[in-house]
Amino acid sequence: MKPIGIFGGTFDPIHFGHLRLAEEIAEALELATVHFIPAGTPPHRTRPRTDAHHRLQMVRLAIAGNPRFALDDREVGLPRLSYTVETLTSLRDELGMTQPLCLLLGADAFLGLTTWHRWQDLFALAHIAVAHRPGFPQSTWKDAMPEVLRAELEARMAHPQDLNSAAAGLLVTRPITALDISATHIRDTLRAARSPRYLLPNVVLDYIQANQLYLPEN
């Protein structure tokens, strides 16, 4: 079975950096689908500035037309913090223990993995694919990461074709096109009454403007 990709985030708003990461990793690892899972209340950052239903709709608009992308709303309705380990457990309950799952992470998120809730349990639930984002060349990883994470990287490093042979437990890395785009920059641009066009899909920008999100500061 081809692996199913799991891509979580606040997506506040979703932009071309998110979409290109998912597209390139899906192609390189031959993923069957990529499930975009907007976070409800993530434990590692402040509460998203935009209501969950807006972030969900922006993702829905952004991925429309790509048959390999799917929207999963299981986190946004939770009345508590959303943890990746619990989301993966929920997916395992639905898909069974033999379907390969692959959690997609940027290098910055991977370097902070040891601060995640029950982070070592993630490897029993999914493979992890780490995308090289701008500013995080692979040559610097081992010096930047905690020793316990370095040990996991060395023990679990695999080739992309190995992901079909097991349901979980492997680590792969993949360089992606360097698109230095961030949701923070887009929000700041909008609040400064400047245009973020060409940083995110037009349909998402139209939705932002129609719903008066990220309004300019007085």
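The values are calculated or read from the model by the stated rules, or taken from the named source; none is laboratory data. In this text the structure is predicted, and so the values were computed from the model without any measurement. FYI the Cβ positions are ideal-geometry reconstructions off the backbone, even for glycines, and counts take in every protein chain you see. Side chains are part of the model used for accessible areas, which takes the heavy atoms of the whole protein and leaves out ligands, DNA and RNA. Shrake-Rupley method; radii C 1.70, N 1.55, O 1.52, S 1.80 Å.
Assorted remarks:
- Qualifying residue in segment 173-191 (condition: surrounded by fewer than 13 Cβ atoms within 10 Å (Cβ to Cβ), in contact with a His (Cβ under 7 Å, 6 or more places away or on another chain) and of a type outside the set (Val, Ile, Thr)): no
- Evaluated against (1) open to solvent by 30 Å² or more (accessible area, probe 1.4 Å); (2) touching a helix residue (DSSP H, G or I) at 6+ places or on another chain (Cβ under 8 Å), Ile14 falls short on exactly one condition, (1).
- Within segment 85-121, tally of residues that are open to solvent by 30 Å² or more (accessible area, probe 1.4 Å), more than 25 Å from Glu24 (Cα to Cα) and not in a helix (DSSP H, G or I): 4
- For His127: the one exception among (1) in contact with a Pro (Cβ under 7 Å, 6 or more places away or on another chain); (2) at pLDDT below 95: (2)
- Residue identified as part of a loop (DSSP other than H, G, I, E, B), modelled with pLDDT under 95 and among the hydroxyl-bearing types (Ser, Thr, Tyr) among Thr177, Thr140, Thr173: Thr177
- Residue satisfying all of: in segment 32-83; open to solvent by 20 Å² or more (accessible area, probe 1.4 Å) and among the hydroxyl-bearing types (Ser, Thr, Tyr); modelled with the highest pLDDT among these: Thr33
- Against the test of being free of Cβ contacts under 8 Å to residues at least 60 places away in the same chain and touching an Asp or Glu at 6+ places or on another chain (Cβ under 6 Å), the options Val85, Val76 yield a single qualifying residue, Val85.
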